[in-house]
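Presented below is the structure to which this report refers.
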Amino acid sequence: VPAGYEVAGKTGTAQKVDGLFGGYAEGRYTSSFMGIAPVEDPKISLLVVIDEPQGAIYGGRVAAPAFRAICEKVLPYLNAYPKGTMVVKGKSPSGEEGENEGTFETTLDTRQVGSLGNGAEKVIMPDLTGLSMRSALSRIEGKGLIIKISGSGRVVEQTPPAGTVVEKGDICFLKLGSPSSSL
């Protein structure tokens, strides 16, 4: 199963027919896996067939790993992200939403946060002012913060301010714009 996705599928293993003598050919198989992903909102259905695999012969051992590898590459292109991934979108400089030039989109892996429990980890909020969205997100990745972003360009405002002690699960607001727009 591709990490973070729920899939449904069926494996298959079939012995091949011996066309010369009839019956089944000794040691000749076709292995397969038919699957859909993700289960909640299928974006892809895929049949993987391996003709005469070497070594292992069962679909779960031979074809299913190929299904997994293909899904891990294809699903993000279909806007199907693993569970625990947050997609951050913003507006273009013209203020329009959507797939316009200048629109940004990134994913944050929130699975790293884990459970807060009683011993919530505290960190000091770094200064993100002047950084690009990508650089700002890289600086705070893994700190377990919930990120809210507005605008496009570079960070012109941040809440909480740099130097503030924050805990995993706290919300961080980043306002993006051109550096001159904050003056």
Are there any pairs with C-beta distances below 8 angstrom linking a residue in the stretch 15-34 that is more than 15 Å from Glu52 (Cα to Cα) and assigned by TED's automatic domain parsing to the domain that holds Pro65 to a residue that is of a type in the set (A, V, I, L, M) and surrounded by 14 or more Cβ atoms within 10 Å (Cβ to Cβ), with the two at least 6 apart or on different chains, and if so which? Met34/Leu46; Met34/Val48
Anything in the stretch 153-183 that is at pLDDT 85 or above, over 20 Å from Val123 (Cα atoms) and either assigned to a loop (DSSP other than H, G, I, E, B) or of a type in the set (Ser, Thr, Tyr) (or both)? List them, or say none. Gly153
In the stretch 29-46, is there at least one residue being surrounded by 14 or more Cβ atoms within 10 Å (Cβ to Cβ) and more than 31 Å from the chain's Cα centre (by Cα)? yes
Determine if the stretch 45-56 includes at least one residue that is within 30 Å of Tyr81 (Cβ to Cβ) and part of a loop (DSSP other than H, G, I, E, B). no
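One line per residue, one yes/no per condition, for (1) at pLDDT below 90; (2) within 30 Å of Val155 (Cβ to Cβ); (3) assigned to a helix (DSSP H, G or I):
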residue	(1), (2), (3)
Lys16	no, no, no
Val62	no, no, yes
Lys73	yes, no, yes
Met86	yes, yes, no
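The values are calculated or read from the model by the stated rules, or taken from the named source; none is laboratory data. Since this is a predicted model, take the numbers as computed values, not measurements. When we count neighbours, we look across all protein chains shown, and the Cβ atoms used for this are built from the backbone with ideal geometry, even at glycine.
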